[in-house]
Amino acid sequence: MKALHPRSVTALLALFLVFNATAQQKAAPKAPAAPPSALELQAGDTLVFLGDSITHQCLYTQYVENFFYTRYPDRRLRFHNAGVSGDRAVNALARFEQDVASFKPAVVTVLLGMNDGEYADFRPETFETYSKGMTEILDRVTALGARPVVMSPTMFDHHQLSIQMRDPDYRFRTRTFDAHYNALLAYYGGWLRETAGSRGLAFVDQWGPMNEQVFMKRRSEPDFTLVPDAIHPAPAGQFLMAFELINQVTPERRSVSSINIVPGPKGLRAGVGISDLVVSEAKDRITFTHLAPSLPWVIPAEAYASEQKWDAEPAAPLGYQMTVAGHRLSNERLRVAGLAPGTYELKIDGQSVGKYSHLVLGSKIELQSNEATPQHQQALDVALLNRERNDKALRPLRDVWAGIKGLRSKLAENPNAFAQQSEPMMTKVAELVALSKDYEDRIHLAAQPRARKYELVRLP
């Protein structure tokens with residue numbers, strides 16, 4: 001008999017676990033829940049990202065922040081990272097009031113499960129602890145008047161683990177991992193999907209897309225991974241997470257802008273948002289001013305300004321390419337029809353950004369990934385400022401919370417001593433939260449779109 005491929009074994013085990021758990025459910029059928037609401041943030045809203053070390057990395061959260069900062073510059077939005085390395089649902093509950101509720105969130109995304117399974121084979125008692133903890137988290141988020149967005153755990157990469165175990169410096173080399181842990185995470189994600197559906201909550205599948213992208217890429221690169229240490233997604237994987245969070249929950253604004261100049265009864269006519277349109281008599285030169293409502297979604301090529309314990313490769317731009325994120329969630333379209341035949345140079349604010357035929361311009365071009373445009377450079381400045389915010393305020397803040405968790409565990413039998421010894425740490429928390437808000441004020445100003453002057457000139 002031919003041996004099954006490891007991927008097939010994983011998939012079969014995941015299906016077995018899901019069907020087995022379904023068969024054991026004894027709860028009475030519930031009425032169909034309302035469709036999950038979209039991830040809509042209004043002016044003054046705060047979004048909290050609750051999670052473990054994958055959230056503590058401050059990457060998928062940062063990329064989501066970049067999207068909202070640049071896509072909704074007309075709204076004053078706040079973001080708070082509430083991820084702590086090694087956390088399980090029970091740990092998140094221990095800090096819920098101070099690290100989540102105190103921010104009065106409108107939306108809370110929840111990403112927990114990687115640690116909750118204990119990297120072991122499926123055990124009913126372990127899963128019961130996780131399910132009870134997650135249920136309480138969702139109850140408490142809902143009690144705040146906030147909208148929970150439930151996310152499945154991400155991928156555990158067994159192939160990458162086998163490679164890493166050959167490295168004596170691999171930081172998880174002394175740990176034991178069950179051979180089917182990725183399948184167990186699929187089961188946890190399946191339970192989360194059913195739970196979210198029964199409660200009418202938004203659900204985002206992170207496990208499926210990450211596994212699919214990795215295994216597709218391995219057809220040509222057998223050792224490819226988005227999870228270099230087997231647990232924590234690298235920047236490319238973190239961008240994939242950000243894309244799935246935004247795309248699956250459906251933002252109300254999926255494009256940046258649309259410039260349309262087309263023939264009319266009295267010559268070329270301009271669409272919405274265009275002013276000062278000037279067209280030469282020969283229709284071989286055109287200038288106009290455009291004020292876009294937002295900026296393109298831009299991600300820095302380097303995830304960290306300084307070295308971190310997490311892997312920096314593969315870098316985020318690979319995730320941007322894999323998902324076709326620019327076209328799908330950041331489309332910046334320019335269409336100019338009716339020009340005289342020829343090749344045209346496009347300048348924006350005097351900066352040459354490309355050369356295009358009149359036929360291509362008459363169809364459309366997309367500018368969102370053109371690094372030469374002033375709006376792309378402005379969006380990059382916003383993203384770099386937010387990276388600095390995450391490097392100097394949010395990641396250090398998460399480190400302090402990790403220290404608080406360690407102290408709470410050490411002094412579990414002495415709450416008075418914990419309260420006394422954690423006081424200076426909470427003071428540091430307050431300082432870093434204030435620093436983060438100062439950065440957000442600067443980011444909001446930096447993200448305001450500017451009127452740009454466009455010029456199309458036919459080349460000799």
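The values are calculated or read from the model by the stated rules, or taken from the named source; none is laboratory data. A quick note: this is a predicted structure, and the numbers were derived from the prediction, not measured. FYI the Cβ positions are ideal-geometry reconstructions off the backbone, even for glycines, and counts take in every protein chain you see.
Taking the numbered list (1) under 18 Å from Tyr320 (Cβ atoms); (2) in contact (Cβ under 8 Å) with a residue 40 or more places away in the chain; (3) not hydroxyl-bearing (Ser, Thr, Tyr) in turn, Asp349 passes all entries but (1).
Just one of the listed residues (Phe156, Phe215, Phe224, Phe243) is surrounded by fewer than 24 Cβ atoms within 10 Å (Cβ to Cβ), modelled with pLDDT of 95 or more and touching a helix residue (DSSP H, G or I) at 6+ places or on another chain (Cβ under 6 Å), and it is Phe224. Can you name the condition, by its number, that Asp87 falls short on among (1) part of a loop (DSSP other than H, G, I, E, B); (2) surrounded by fewer than 20 Cβ atoms within 10 Å (Cβ to Cβ); (3) modelled with pLDDT of 95 or more; (4) at negative phi? Of (1) part of a loop (DSSP other than H, G, I, E, B); (2) surrounded by fewer than 20 Cβ atoms within 10 Å (Cβ to Cβ); (3) modelled with pLDDT of 95 or more; (4) at negative phi, only one is false for Asp87: (2).
Pairing each residue of segment 367-380 that is within 14 Å of Gly354 (Cα to Cα) and touching a residue at least 60 places away in the same chain (Cβ under 8 Å) with any residue that is among the polar types (S, T, N, Q) and buried (at least 20 other Cβ atoms within 10 Å of the Cβ), provided the two are 6+ apart or on different chains, yields C-beta distances under 6 Å for Leu367/Thr373; Gln368/Ser330. Here the condition is being hydroxyl-bearing (Ser, Thr, Tyr) and more than 30 Å from Phe288 (Cα to Cα); of Thr373, Thr427, it holds for Thr427 alone.
Would you please list the contacts, defined by Cβ atoms under 6 Å and residues six or more apart or on different chains, that run from a residue in segment 41-59 that is at positive phi to a residue that is part of a helix (DSSP H, G or I)? Taking only residues 6 or more apart or on different chains, the pairs are Cys58/Asn390; Cys58/Leu394; Cys58/Arg395.
Annotation: Ser152 fulfils all but one of (1) among the polar types (S, T, N, Q); (2) free of Cβ contacts under 8 Å to residues at least 12 places away in the same chain; (3) under 26 Å from Arg199 (Cβ atoms); the unmet one is (2). Could you list all residues from segment 86-137 that are hydroxyl-bearing (Ser, Thr, Tyr), in contact (Cβ under 8 Å) with a residue 24 or more places away in the chain and over 21 Å from Val204 (Cα atoms)? Passing the criteria: Tyr119, Thr129.
Those helices (runs of 4 or more DSSP H) of segment 276-395 in which at least 2 residues are acidic (Asp, Glu), at pLDDT 95 or above and within 30 Å of Pro235 (Cβ to Cβ), considering only elements entirely within it, cover 374-389. Please enumerate the residues belonging to segment 314-346 that are touching a residue at least 12 places away in the same chain (Cβ under 8 Å) and on the phi > 0 side of the Ramachandran plot. Once the filter is applied, which keeps residues that are touching a residue at least 12 places away in the same chain (Cβ under 8 Å) and on the phi > 0 side of the Ramachandran plot, segment 314-346 yields Gly338, Gly342. Starting from residues that are small (Gly, Ala, Ser) and touching a Ser or Thr at 6+ places or on another chain (Cβ under 7 Å), keep the ones in segment 90-119 and report whichever is surrounded by the fewest Cβ atoms within 10 Å (Cβ to Cβ). In this case the residue turns out to be Ala106.
Number of residues in segment 52-84 that are surrounded by fewer than 24 Cβ atoms within 10 Å (Cβ to Cβ) and under 16 Å from Pro396 (Cα atoms) equals 2. Note on segment 403-460: among residues that are part of a strand (DSSP E or B) and among the charged types (D, E, K, R), the one that is farthest from the chain's Cα centre (by Cα) is Arg458. For segment 329-351, check the following and say yes or no: at least one residue is under 20 Å from the mean Cα position of the chain (by Cα), surrounded by 20 or more Cβ atoms within 10 Å (Cβ to Cβ) and not charged (D, E, K, R). Scanning segment 329-351 turns up at least one residue that is under 20 Å from the mean Cα position of the chain (by Cα), surrounded by 20 or more Cβ atoms within 10 Å (Cβ to Cβ) and not charged (D, E, K, R). Contact map, segment 445-460: first residue more than 30 Å from Asn386 (Cβ to Cβ), second residue assigned to a loop (DSSP other than H, G, I, E, B) and charged (D, E, K, R), Cβ cut-off under 8 Å, separation 6 or more or different chains; pairs are Val457/Asp284; Arg458/Asp284. In segment 379-391, is there at least one residue being among the small types (Gly, Ala, Ser) and surrounded by fewer than 16 Cβ atoms within 10 Å (Cβ to Cβ)? Scanning segment 379-391, I find no residue that is among the small types (Gly, Ala, Ser) and surrounded by fewer than 16 Cβ atoms within 10 Å (Cβ to Cβ), so the answer is no.
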